[in-house]
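> Take a look at the following structure, please.
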Amino acid sequence: MAPSLENLLVVGVASSALFDLAQSDAVFATEGEQAYRAYQEAHLAEPFAAGVAFPFIRRLLQLNDLAPLVEVIVLSRNSPDTGLRILRSAAHHGLTITRAIFTEGRAPHEYMPALNMSLFLSANEKDVRKATNAGMPAGQVLKSSFQDDDDPALRIAFDFDGVLADDASERIYQSGGLDQFQRHEATNVVTPLDPGPLRNFLAGVNRIQRQAEDRIRVSVVTARSAPAHERAINSLKAWGLTVNDAFFLGGLKKAPILDVLKPHIFFDDQRGHLISTVPCVHVPFGVSNE
């Protein structure tokens with residue numbers, strides 16, 4: 001009997017995040033739906049190349065070598081027949097993805113709660129925003145030049161405010177400036193922030209780390225600096241969560257750190273902090289995205 005999804009870390013991924021669909025998208029955009037259907041049928045035996053989220057998804061699924069820990073489900077706007085190539089491509093690349101939902105042009109995020117998903121990744125900005133606006137944890141993968149490596153360990157990096165935490169402190173910063181933000185955080189240092197959209201995803205990652213600590217490394221890369229760093233650490237403790245590394249950059253650019261860290265996925269709520277040399281995900285949550 002298959003394990004209950006309630007006991008697993010469940011991630012939804014659109015085909016646009018998992019594979020490189022540039023050629024297929026071009027056919028759809030220039031020639032229309034019927035030509036797209038014919039194109040997919042003609043290329044059914046030709047697997048898609050890896051996309052931006054592929055390194056992340058591949059390593060997640062490999063954790064199941066230890067025990068049933070992760071479930072990855074395809075959430076796709078394709079129809080069932082045009083979606084055949086997606087699951088065939090997954091099998092070709094050795095990805096043990098057996099579940100998929102094909103919605104033929106409709107945004108698939110409504111099925112996330114029914115599947116206990118703590119993350120949905122897509123390259124479709126509209127779909128991601130619809131999910132986020134509905135209070136669901138979602139992110140848009142952006143184009144990347146990242147070259148995958150042979151390290152089996154999974155490296156995940158998060159921004160803090162607007163990603164792991166809500167945007168309450170970011171609102172203080174944007175309305176009152178750095179000094180007011182620092183005073184506010186020092187005054188509320190022992191008061192944990194409310195969780196943000198990816199708090200539950202980190203909780204799921206932490207559960208896996210208890211069984212596979214050497215297979216996952218989690219980092220926080222944030223513009224916070226002392227003394228505001230203390231509230232971030234205290235919030236993580238209050239939520240019962242941990243990270244391996246924390247980079248409190250005080251407004252320094254994140255790109256040099258990310259280029260050294262080389263995460264297989266990095267989540268941030270501000271596009272200006274995202275770079276093309278690592279797989280980046282824009283989380284369109286909170287005041288920075290209004």
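The values are calculated or read from the model by the stated rules, or taken from the named source; none is laboratory data. Worth saying up front: this structure is predicted, and the values here are computed from it rather than measured. Cβ atoms come from the backbone with ideal geometry, glycine included; neighbour counts cover every protein chain shown. For accessibility, only protein heavy atoms count, side chains too; no ligands or nucleic acids. Shrake-Rupley method; radii C 1.70, N 1.55, O 1.52, S 1.80 Å.
> Look at region 174-223 and say how many of its residues are of a type outside the set (Gly, Ala, Ser), part of a helix (DSSP H, G or I) and open to solvent by 30 Å² or more (accessible area, probe 1.4 Å).
Residues flagged as of a type outside the set (Gly, Ala, Ser), part of a helix (DSSP H, G or I) and open to solvent by 30 Å² or more (accessible area, probe 1.4 Å) within region 174-223 amount to 14.
> Sticking with this one: Within the group Leu66, Leu18, which residue is surrounded by fewer than 16 Cβ atoms within 10 Å (Cβ to Cβ) and in contact (Cβ under 8 Å) with a residue 60 or more places away in the chain?
From the options Leu66, Leu18, the qualifying one is Leu66.
> Exactly one of these conditions fails for Leu154: (1) in contact with a strand residue (DSSP E or B) (Cβ under 9 Å, 6 or more places away or on another chain); (2) of a type in the set (A, V, I, L, M, F, W, C); (3) at pLDDT below 95. Give me its number.
Only one criterion is unmet by Leu154, namely (3).
> State all residues of region 11-68 that are of a type in the set (Val, Ile, Thr) and part of a helix (DSSP H, G or I); if no residue qualifies, say none.
Val27, Thr30, Ile57
> Next up: List the residue pairs whose Cβ atoms are under 8 Å apart, where the first residue sits in region 34-54 and is over 17 Å from Ser276 (Cβ atoms) and open to solvent by less than 50 Å² (accessible area, probe 1.4 Å), the second is assigned to a strand (DSSP E or B) and charged (D, E, K, R), and the two are 6 or more positions apart or on different chains.
Listed by first residue and then by second, the contacts come to Phe48/Asp20.
> So which residues in region 78-120 are at pLDDT 90 or above and of a type in the set (D, E, K, R)?
Passing the criteria: Arg85, Arg88, Arg99, Glu110.
> Related question: Considering every residue within region 236-243, establish whether at least one is open to solvent by less than 30 Å² (accessible area, probe 1.4 Å) and within 18 Å of the chain's Cα centre (by Cα).
yes
> Same structure, new question: So is Leu258 within 20 Å of Val52 (Cα to Cα) and not hydroxyl-bearing (Ser, Thr, Tyr) or not?
yes
> Can you name the residue in region 103-135 that is part of a strand (DSSP E or B) and of a type in the set (Gly, Ala, Ser) and is also farthest from Leu9 (Cα to Cα) among such residues?
So, considering only residues that are part of a strand (DSSP E or B) and of a type in the set (Gly, Ala, Ser), the one farthest from Leu9 (Cα to Cα) is Ser122.
> Hey, another quick one. Name the single residue that is nearest to His282 (Cα to Cα) among those in region 81-105 being over 21 Å from the mean Cα position of the chain (by Cα) and open to solvent by 80 Å² or more (accessible area, probe 1.4 Å).
Among those that are over 21 Å from the mean Cα position of the chain (by Cα) and open to solvent by 80 Å² or more (accessible area, probe 1.4 Å), it is Glu104.
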